[in-house]
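Here is the structure we will look at, set down as structure tokens.
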Amino acid sequence: TWLAALDGGKALIWRNEGFDDQPNLKLVDQAALDNPPAHDHESDRPGRISKTGGARSAVEHTDGHEQAKHDFVQSVIAGLNRAAEAGKFHRLVLLAPAPVLGEARPHYSAALKKGLVERERDVVHQSTEQIEAQFIAALES
């Protein structure tokens, strides 16, 4: 069983070498996103497009900060998909805040979905003991 805890900017992935009720988590991978504030992603003013008749209008800014978070979540899920498809785990407990789970779900592979236990928890900045408690609770329910 693997455990993945992620938010929009940090991911921690462990392998449980113990039992469900007495985990012995070993860190497999970790990733962090270096994501500056949204205003650092933008240029001074919106771009312009020309329309027929010579009219011009502004193009809406894309939020580079939010896009970077979305890309990060997608990247983490892609790695978990590859691990599931390679048979590295048969069950995955995924702990993440609701918005992150919402972004992640469309990217789950069939192999990942098969053994997935999702819990809406924001734990990446908690202690390992607190995360272990959430892991045990997810497997008991």
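The values are calculated or read from the model by the stated rules, or taken from the named source; none is laboratory data. Remember, it's a predicted structure, so these values are computed and weren't measured experimentally. Note that each Cβ is placed from the backbone with ideal geometry, even for glycine, and that neighbours are counted across all protein chains shown. The accessibility values were calculated without ligands, DNA or RNA, using every heavy atom of the protein model including side chains. Shrake-Rupley method; radii C 1.70, N 1.55, O 1.52, S 1.80 Å.
For the reader, a short list of remarks on this structure follows.
- When GLU132 is tested against (1) over 20 Å from ALA31 (Cα atoms); (2) more than 15 Å from the chain's Cα centre (by Cα), exactly one condition is not met: (1).
- Counted residues, segment 75-114 - those being over 14 Å from the mean Cα position of the chain (by Cα) and under 17 Å from GLN134 (Cβ atoms): 1
- Close pairs from segment 109-128: first open to solvent by less than 70 Å² (accessible area, probe 1.4 Å), partner of a type in the set (D, E, K, R) and in a strand (DSSP E or B), Cβ under 7 Å, at least 6 apart: VAL124/LYS10
- Any pair with Cβ under 8 angstrom, 6 or more apart, that starts in segment 1-26 at a residue that is touching a residue at least 40 places away in the same chain (Cβ under 8 Å) and small (Gly, Ala, Ser) and ends at one that is crowded, with 20+ Cβ neighbours inside 10 Å and part of a loop (DSSP other than H, G, I, E, B): ALA5/ARG121; ALA5/VAL123; ALA5/VAL124; ALA11/VAL124
- Selection count, segment 85-141, where residues are under 17 Å from PRO23 (Cβ atoms), in a helix (DSSP H, G or I) and not aliphatic (A, V, I, L, M): 7
- Answer from ALA55, ALA5 - the residue that is open to solvent by less than 80 Å² (accessible area, probe 1.4 Å), at pLDDT 95 or above and of a type in the set (Gly, Ala, Ser): ALA5
- Of the residues screened, VAL93 is one that is open to solvent by less than 70 Å² (accessible area, probe 1.4 Å), touching a Phe, Trp or Tyr at 6+ places or on another chain (Cβ under 7 Å) and not hydroxyl-bearing (Ser, Thr, Tyr).
- Among (1) surrounded by 10 or more Cβ atoms within 10 Å (Cβ to Cβ); (2) in contact with a helix residue (DSSP H, G or I) (Cβ under 8 Å, 6 or more places away or on another chain); (3) modelled with pLDDT under 95 - the single one ASP71 does not satisfy: (2)
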